[in-house]
1. Can you confirm whether segment 80-102 contains a residue that is touching a strand residue (DSSP E or B) at 6+ places or on another chain (Cβ under 9 Å), farther than 17 Å from VAL145 by Cβ and surrounded by 15 or more Cβ atoms within 10 Å (Cβ to Cβ)?
2. Here is a list: PHE48, PHE10. Which entry is within 30 Å of ALA177 (Cα to Cα) and aromatic (Phe, Trp, Tyr)?
3. Taking the options TYR168, TYR187, name whichever one is at pLDDT 95 or above, touching a Phe, Trp or Tyr at 6+ places or on another chain (Cβ under 8 Å) and within 11 Å of the ligand (Cβ to nearest atom).
4. Can you name the residue in segment 120-143 that is among the polar types (S, T, N, Q) and in a loop (DSSP other than H, G, I, E, B) and, of all such residues, is surrounded by the fewest Cβ atoms within 10 Å (Cβ to Cβ)?
5. Being outside any loop (DSSP other than H, G, I, E, B), out of contact with any Cys (no Cβ under 7 Å at 6 or more places or on another chain) and without any contact (Cβ under 8 Å) to a residue 60 or more places away in the chain narrows it down to one of LEU90, LEU99, LEU117, so name that one.
Amino acid sequence: MTRMFAASLFVFCVFAWGAIRFPHEMKNRRKNRVTVSHVDRRERIVLFISLAGLGLIPIAYTVSMAIRDGRGILSSADWGFSPTLAIFGLFVWIGALWLFYATHRQLKRNWSQTLELREGHTLVTDGVYTLVRHPMYTAFFLWGVAQAFMLQNWIAGLAGIVGFGTLYLTRVNREEAMMREAFGTQYDSYVERTKRIVPYLH
Ligand code: SAH
């Protein structure tokens, strides 16, 4: 496993993630009316920061490395490359993809990329949603961890955790407030028996 190969595998998994999401994105556009929306400028900005950290920066790093013979735009921030860490990162990525797939399959039409509720929205509390309230966000953090282990670069590697962390911290309270308003005591009792993103811990 070389640095270039690990970075290419990382980018391949980003596209696999896109392939899992794409059909849901299309379905939502068709006939899935939004009834409540809390999307504002702040939400749009943090969505972009997250997209940059998890996608744009590591892809630019990898592509520039490929076309400039191993010297990417951020190569000066590389750590010494460990193939073992990269392989560990790949396993974390595979776990993230599985979890992401599971959350989409469970949320079905209740999914939104942002702070919205849909017509006929139901509260999902079974399957992976019995473990934590935000398993899709857990999957995004695992993507960030995989990115750090596979790219082994101070900027391109850590941009995912920082970018998604920014989105998570500004969104999670607002999302829970929106869910509480819509589902009342049903949501309160769900909150009482679950943690947010790490079972039993947080
Ligand atoms: N935070 C969840 C969902 C992310 S998608 C997770 O990490 O798995 C974001 C949208 O999903 C929110 O805007 C809300 O409309 C919806 N949502 C969040 N939790 C939900 C739940 N338990 N059941 C149904 N819809 C939910």
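1. Taking segment 80-102 first, the residues touching a strand residue (DSSP E or B) at 6+ places or on another chain (Cβ under 9 Å) are none.
Within segment 80-102, none of the residues are touching a strand residue (DSSP E or B) at 6+ places or on another chain (Cβ under 9 Å), farther than 17 Å from VAL145 by Cβ and surrounded by 15 or more Cβ atoms within 10 Å (Cβ to Cβ).
2. Working: PHE10 fails: within 30 Å of ALA177 (Cα to Cα).
Exactly one of PHE48, PHE10 is within 30 Å of ALA177 (Cα to Cα) and aromatic (Phe, Trp, Tyr), namely PHE48.
3. Working: TYR187 fails: touching a Phe, Trp or Tyr at 6+ places or on another chain (Cβ under 8 Å).
Sole residue among the options that is at pLDDT 95 or above, touching a Phe, Trp or Tyr at 6+ places or on another chain (Cβ under 8 Å) and within 11 Å of the ligand (Cβ to nearest atom): TYR168.
4. Quick first cut of segment 120-143, residues among the polar types (S, T, N, Q) only: 122, 125, 130, 138.
Applying the additional criterion that residues be in a loop (DSSP other than H, G, I, E, B) yields 122, 125.
Values: THR122: 11, THR125: 16.
In this case the residue turns out to be THR122.
5. Numbers: LEU90 fails: without any contact (Cβ under 8 Å) to a residue 60 or more places away in the chain; LEU117 fails: without any contact (Cβ under 8 Å) to a residue 60 or more places away in the chain.
Step by step, each of LEU90, LEU99, LEU117 is checked, and only LEU99 is outside any loop (DSSP other than H, G, I, E, B), out of contact with any Cys (no Cβ under 7 Å at 6 or more places or on another chain) and without any contact (Cβ under 8 Å) to a residue 60 or more places away in the chain.
The values are calculated or read from the model by the stated rules, or taken from the named source; none is laboratory data. Here the structure is a predicted model, which means the values were calculated and not measured. Virtual Cβ from ideal backbone geometry, glycine too; neighbours counted across all protein chains shown.
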